[in-house]
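Values in this text are rule-based calculations from the coordinates and carry no lab data. Because the structure is predicted, anything quoted here is derived from the model rather than measured. Every residue, glycine among them, receives a Cβ derived from its backbone with ideal geometry; neighbour counts consider all protein chains shown.
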Amino acid sequence: MSESSRARAGLATLSPDQTTSRGLAARAVLVYAASLAIWTGAAHVGVSAFRRWVLDDFIWVSSDFVWMTPLGYLMIFVALAIPVALLAALAPRLGDRAGAFVFASLGTLSLLLLFPRIHHLASLVLALGVGARVAAMARSREDERRRVLARVASVLAVLLAVGGGASIGLRAAAGRSGEAGPSVAAGEAPNVLLIILDTVRAASMTFHGYARSTTPSLERRAAEGVVFEHAYTTAPWTLPSHGGMFTGQFPSALSTDWRAPLDGRHPTIAEAFRDRGYRTGGFAANHLYTSWESGLTRGFEHYEDYRRTPKQVLLSTSLTQTWLFWEILQGNSIGARLRALGRMNLRTLTMWRSDRKQATATVDQFLRWQASSGDAPFFAFVNLYDAHLPYDPPAPFDTMFNQGRTPLDRYDGAIAYEDHALDALFDELARRGVLDRTIVVVSSDHGEGFGEHGLSDHGKSLYRTELHVPLFIRYPAQVPGGTRVSTAISLRDVPATLLDLAGQDSEPGTFPGVSLAKLWRNEVTSGSPVVSEVSAGINTAPDEPVTRGAMASVFDATGHYIRNGDGVEELYAYRTDPDELRDRAKLGDGRDTLPAYRAQLGHALGGGSTPRR
Ligand SMILES: [Zn+2]
């Protein structure tokens, strides 16, 4: 090795000056990585803000993304900078160049990944090209350009911190500004607690006849109130279903869609209670479709969705939302992880994953709020998400049924875990003397498939596996215990029922629907038409019914009629054929009843309108 090449590689014998210089080299790499992380984070925040507020699109990250996203990049870049800084200490010039290459590539890649239309491998090649170009330009750590980079990054960091703080403050203020209604004195009106077990189908609940003991606690509470044996959701997926429970509207009357939140057209049940002087709080674990972006938060003074955890911060970057990252994270062996690395799948997930909030955490949030928010009655919404894919309940629930071998075993375990968490909630409310003064509604937003009709997951069809949900109401003052209603009912009637039970009048037509209390009081023989709808899906496979276009269905006393997107009709006698195995639309007696079902559906959806695509 010649003297000059030894010097270039930084391998010459060290003088005291050189020792200092090596320390400086290592520090320079760290500063460089941190600066580029802030730059990347700031640009990412700009893209997210544009998508969210200009294009009105879902971005599937915490409303804290303004500070979480740059902080996430900072954590990743600084962690990667440590080995590079060590290299710089040993060989300053090499370290300089390696730093320039790694962090310029990574920053560029992070931003390109935000545009899924650019092929992920093209993004990688482009990013490596940028990195190589920047490395070639990196002449020395004393480079003036680096100082400018770092200075601008400090300014950006301050701006992002101020922006993050302001967004937290604005949200808190928005919650408080809603307290416009007259104050209802404590004891004057009952509390209302709406608990939605996301993705929990009626068929997996003990109180709906399931053989497995998934829900012993809920079964006990259900027996103290009224159980609806045939409750059906208005949509087989989260957002329009919650939208229906909050507004009393069918999906085709709502703005909600796969990439569209609930707009401000219809009043929500939270607004109605808030305007009557109730304290309103929402506690949502489904971050995809019940978060701050969903439009469902309107009317809540207090709303908790994404967690503020290091994991959530890390998940606020594009790098941690690639398939590659998740495949490596979830690989169950070194071989699986290496294979994932070999595939180099850098596509980002369509819907970003988050730090999952388990049932006990959500219940704790609710209980904390309930204890600290004064004497006026409350309206609270609790959404638990443990039974949603991927089914991953904590021990011992993960192996509670059949050692958790199949997806259904783990799903049932997740439901048992939610039951356990809710047991603690009910016990604590009882201890506080609140439970019997509270109208408790427990239901779900949709079911889940486990191979029935060749389908799994939900949002794919309008079969009963996706529509039949658990429902019970407990409120000893007005709900006779041990009651079971077998009439088919729609979750659309939830807001009308809550207002009725709470003794609150509503302007006629504000919340369309029929109070379900009238059913057990024998004042009516049926509620709203039991209609469900789903628009053409995203990310669906060719053999899934919803791929053929928007669908609608209606239940009457004996039949379940489904109209597919391509006009094909199906009819099932669900009381005698609960698994919907025998399509009667093709049989003589069934075929004759189709015109009546078409008319029912048309009437319910406003003069035969077709659901929105
Ligand atoms: Zn859901």
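Any idea what the relative contact order of region 458-613 is, in percent, if you count C-alpha pairs under 8 Å spaced at least 6 apart? Display every interim value, and only then the final one.
On the way: 231 pairs, mean separation 30.2, N = 156.
RCO, region 458-613: 19 percent.
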Margin query: I need the fraction of alpha carbon pairs in region 531-598 separated by more than 19 Å, rounded to a whole percent.
Written below: 33
Checklist line | Computed label-point distance, nm, for sites M351 and V568 using a 7 Å Cα→Cβ extension | finding: 2.6
Checklist line | Efficiency of FRET between R133 and S167 - r from beta-carbon atoms, R0 22 angstrom, step 0.05 | finding: 0.05
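Around A235, what is the net charge, scoring Lys/Arg as +1 and Asp/Glu as -1 over all other residues with Cβ under 11 Å from its Cβ?
Taking every other residue near A235 into account, the sum is -3.
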Margin query: Per DSSP helix of 4 or more residues, -39500 (n - 2.57); summed, then divided by the residues of the chain. What does that give at 222 nm, rounded to the nearest 500?
Written below: -13500 deg cm²/dmol
Checklist line | Proximal charge balance of S354 [Cβ under 10 Å; K/R count +1, D/E count -1] | finding: +3
Item checked: Nearby aspartates and glutamates by direct alpha-carbon distance to K518 (threshold 17 angstrom, same-chain neighbours under 8 apart not counted) -> E229, D493, D500, D505
Item checked: Taking the chain and dividing mean pair separation by its residue count, relative contact order in percent (alpha carbons under 8 Å, at least six apart) -> 17
Next item on the list: For region 82-162, state which trypsin sites (Lys or Arg not before Pro) are in a DSSP loop and have at most 14 other beta carbons lying within 10 Å of their beta carbon.
Entry: R117, R139
Check: Roughly speaking, what is the stretch gain from A430 to D375, that is 0.36 nm per residue apart minus the C-alpha to C-alpha distance, in nm to one decimal?
Finding: 18.2 nm
Margin query: Looking at region 437-493, I'd like the Rg to Rh ratio, where Rg is from alpha-carbon atoms and Rh is Kirkwood's inverse mean 1/r.
Written below: 1.09
Item checked: Top positive-direction residue, dipole computed over the chain with Cβ charges, set M137, G165, T256 -> M137
Note to self: Under 17 Å from a point placed 7 Å out from the Cα of R51 along the Cα-to-Cβ direction: which residues of region 322-351 have their backbone N that close?
What the structure shows: 322-326, 346-351
Notebook entry, point to check: Which whole-number percent gives the relative contact order of region 224-352, counting Cα pairs below 8 Å spaced six or more residues apart?
Noted result: 16
Note to self: Based on alpha-carbon atoms only, what is the radius of gyration of region 315-374 relative to the globular estimate 2.2 N^0.38 Å?
What the structure shows: 1.67
Margin query: Taking θ = phi - 60°, what integer Hz values does the Karplus form 6.51 cos²θ - 1.76 cosθ + 1.60 yield along region 94-107, in sequence order, with x for Gly and Pro?
Written below: 4, x, 3, 5, 4, x, 4, 5, 4, 7, 5, 4, 5, x
Margin query: Are there any trypsin sites (Lys or Arg not before Pro) in region 487-539 that are in a DSSP loop and have at most 15 other Cβ atoms within 10 Å? List them by number.
Written below: R521
Next item on the list: Kindly write out, for region 395-409 in residue order, the coupling ³J(HN,Hα) from the Karplus curve 6.51 cos²θ - 1.76 cosθ + 1.60 (θ = phi - 60°), rounded to whole Hz, with x marking Gly and Pro.
Entry: 5, x, 6, 5, 10, 5, 10, 6, 6, x, 6, 10, x, 5, 4
Notebook entry, point to check: Tell me which lysines have Cα within less than 30 Å of K586's Cα, excluding those fewer than 8 residues away on the same chain?
Noted result: K460
Margin query: About the Cα centre, and with charges only on the beta carbon of Lys, Arg (+1) and Asp, Glu (-1), how big is the dipole of the chain? Nearest 20 debye, please.
Written below: 2620
Notebook entry, point to check: Over all Cα pairs of region 407-552, how is the pair count split among 10 Å bins, expressed in % and running from 0 up to the last occupied bin?
Noted result: 9, 31, 31, 23, 6, 0
Next item on the list: Calculate, for T593 and N522, the FRET efficiency according to 1/(1 + (r/R0)^6) with r their C-beta to C-beta distance and R0 22 Å; round to the nearest 0.05.
Entry: 0.20
Checklist line | Förster radius 56 Å - calculated FRET efficiency between F115 and K586 (Cβ-Cβ, nearest 0.05) | finding: 0.75
Next item on the list: Excluding residues on the same chain fewer than 8 positions from K357, give the lysines whose Cα lies under 19 Å from its Cα.
Entry: K311
